[in-house]
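Heads up, the thing below is written out as structure tokens.
Please treat every number below as a calculation from the coordinates, not as lab data. It should be emphasised that the depicted structure is a prediction, and the values quoted were computed from it without experimental measurement. We place every Cβ from the backbone using ideal geometry, glycine too, and count neighbours over all the protein chains shown.
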Amino acid sequence: MTVHPYRPMSARFADQHLTEPLLRALDRTGPGGLIIADPASGEYRLTHARYLTTRNREVIVYGLGDLHHGLETYSLILPRERVWPSVTNAADQLAHACLAQDPWEPVRPRPRTALAALRRAMHRDGFALLRRPLFHDRGEVGRLDDVYLDTRDPATVVTVATPYPDPDMPDGAVFTWVTRRGSYLTGWHTPASQRHALPEVIRARVHAHLACDT
């Protein structure tokens with residue numbers, strides 16, 4: 001049997017590119033729309049947060065929030081006809097940088113079942129993944145930030161930071177903070193053992209803060 005040498009994601013996707021039609025399709029998809037690097041096909045493709053799995057080891061490289069941020073930024077400094085081409089070029093570079101710099105695929109990858117379960121539970125409770133995950137290097141244990149849009153109140157954004165690569169470490173904690181229209185609303189930490197109830201806790205706290213504002 002032929003044993004093929006290990007090739008990192010950045011090498012396998014070196015000749016793949018995000019395109020303007022793909023980004024426009026992402027824009028039409030709405031909240032929860034994501035572009036992933038799919039190891040099975042070796043291509044970037046559009047998907048939705050509800051379809052994410054742990055089996056295919058897909059990597060999120062771009063989200064609707066990333067796209068809207070790029071469009072807003074370039075619309076301020078460029079003529080209209082140059083906005084989409086410039087956003088596409090920047091998005092393509094960001095996707096490649098994501099695969100090259102972040103430790104998504106160690107030689108012996110660990111299961112991401114816990115993280116995937118949390119994402120599915122957040123989706124069921126009305127929180128749509130908004131941007132590509134952000135990895136923060138903290139030495140032996142890093143941190144992975146997922147950013148969600150509250151589809152019941154789109155002015156509200158929730159960030160959930162989990163230990164990476166092992167979200168189930170015994171003394172680990174999940175950090176959550178909430179902003180509304182860009183202003184900090186609330187934040188707290190949850191022991192990893194209680195992570196399964198986090199979406200309900202987030203919903204209750206968001207609801208309580210919004211009730212105080214009315």
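Size of the stretch 9-101: Rg and Dmax of its alpha carbons, in Å, are 13.1, 43.
Computed across the stretch 52-94, the Kirkwood radius stands at 11.6 Å (inverse of mean 1/r, all Cα pairs). Between Arg50 and His17, the distance separating the two model label sites (each 7 Å from Cα on the Cα→Cβ line) works out to 3.3 nm.
Jot down the per residue volume, in cubic angstrom and as a whole number, of the convex hull over the alpha-carbon atoms of the stretch 113-213.
Working: hull volume 9.4 nm³, N = 101.
In the stretch 113-213, the Cα convex hull volume per residue is 93 Å³.
When only Cα pairs under 8 Å and 6 or more residues apart are kept, what is the percent relative contact order across the stretch 9-101? Could the numbers behind the result be given before it?
On the way: 115 pairs, mean separation 30.1, N = 93.
RCO, the stretch 9-101: 32 percent.
Extension gain for the segment Asp27 to Tyr184, taken as residue separation times 0.36 nm less the Cα-Cα distance, is 53.9 nm to one decimal.
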